[in-house]
Structure formats: C-alpha cells, structure tokens
Amino acid sequence: MRDLTELRGEIDQIDDQLLELFLRRMAMMGEVAAAKEAAGVPLTDSGRESRILERLAARAPGKEEEVRTLFQAIFQAAKGLQRKAMP
C-alpha cells in the first residue's frame, strides 16, 4: 500500500494537469463568444450541453454523476467568460 504522502503527490500532479487543460479550454472562450455573436447563436445551448454530459458520463461508468457535476461547473465558468467577452 502506498503512503498518504505519495498518494497526495500523485493527486497534485493530476491537479496540475487538470488545471492546464482547464486554462486551455477557458482561453478559447473569447473566440467562442465572438463566433456565437457572429452566427447569432445564443450564449447557452442546453441541448448541446446535455449531449456533452451524456457522452462524457457514458465514458465514466460508476462516476456518471460526478462527471456531470464537474462539467456543469466547467460550463458555468465558460459561459461567465463568454458573457464578459460579449459587448
């Protein structure tokens, strides 16, 4: 059995990777907002969000609810940045 220090170190590394990917995703929100505005598309597309949640939850058997919770929070953060980017 690995000790707690080793486990926490591995979690810290994973957290760093998650943060890097999250920041990459959030960096795209200005462009997404501009594309939505140019296309006359509303900020929120609940149908797309539902499809994404279902697709990702299906890839995480036994962790579906946690995946939905995580990505709903990501969607909220993304929409907040898009709102700031829109005139």
Ranked by accessible surface with a 1.4 Å probe, highest first, in what order do Arg68, Arg24 come?
Arg24, Arg68
What relative contact order, as a whole-number percentage, does the chain give when Cα pairs under 8 Å and 6 or more residues apart are counted?
38
How large is log10 of I(q)/I(0) for the chain at q = 0.13 Å⁻¹ when the intensity is taken from the Debye formula with one equal scatterer per alpha-carbon?
-0.56
Ala35/Glu10 FRET efficiency (R0 30 Å; Cβ-Cβ; nearest 0.05):
0.20
Suppose all protein chains stay in the model; what accessible area per residue would a 1.4 Å probe give for the chain, in Å²?
78
Could you report the accessible area of Asp45 in Å², rounded to 10, computed with a 1.4 Å probe on the protein chains as they sit in the structure?
70
Can you show me the helix-derived [θ] at 222 nm for the chain, built from DSSP H runs with n ≥ 4 at -39,500 (n - 2.57) apiece and divided by the number of residues, rounded to the nearest 500.
-27000 deg cm²/dmol
Leaving ligands, DNA and RNA out of it, rank Phe71, Phe22 by accessible area with a 1.4 Å probe, largest first.
Phe22, Phe71
Placing unit charges on C-beta atoms (Lys and Arg positive, Asp and Glu negative, everything else neutral), compute the dipole magnitude of the chain about its Cα centre in debye, rounded to 20.
480
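For Glu66 and Leu18 in the same chain, what is the full-extension length gain: residue separation times 0.36 nm, less their Cα-Cα distance, in nm? Write out the running numbers ahead of the final one.
Working: separation 48, 0.36 × 48 = 17.28 nm, distance 1.52 nm.
My answer for the length gained is 15.8 nm.
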For the chain, which whole percent of the accessible surface, found with a 1.4 angstrom probe, sits on carbon and sulfur atoms?
58
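The values are calculated or read from the model by the stated rules, or taken from the named source; none is laboratory data. If you're wondering where the values come from, they're calculated on a predicted model, not measured in any experiment. All Cβ positions, glycine included, derive from the backbone under ideal geometry; neighbour counts span all protein chains shown. Ligands, DNA and RNA are stripped out before the accessible areas are found, and what is left, the full protein with its side chains, is counted by its heavy atoms. Shrake-Rupley method; radii C 1.70, N 1.55, O 1.52, S 1.80 Å.
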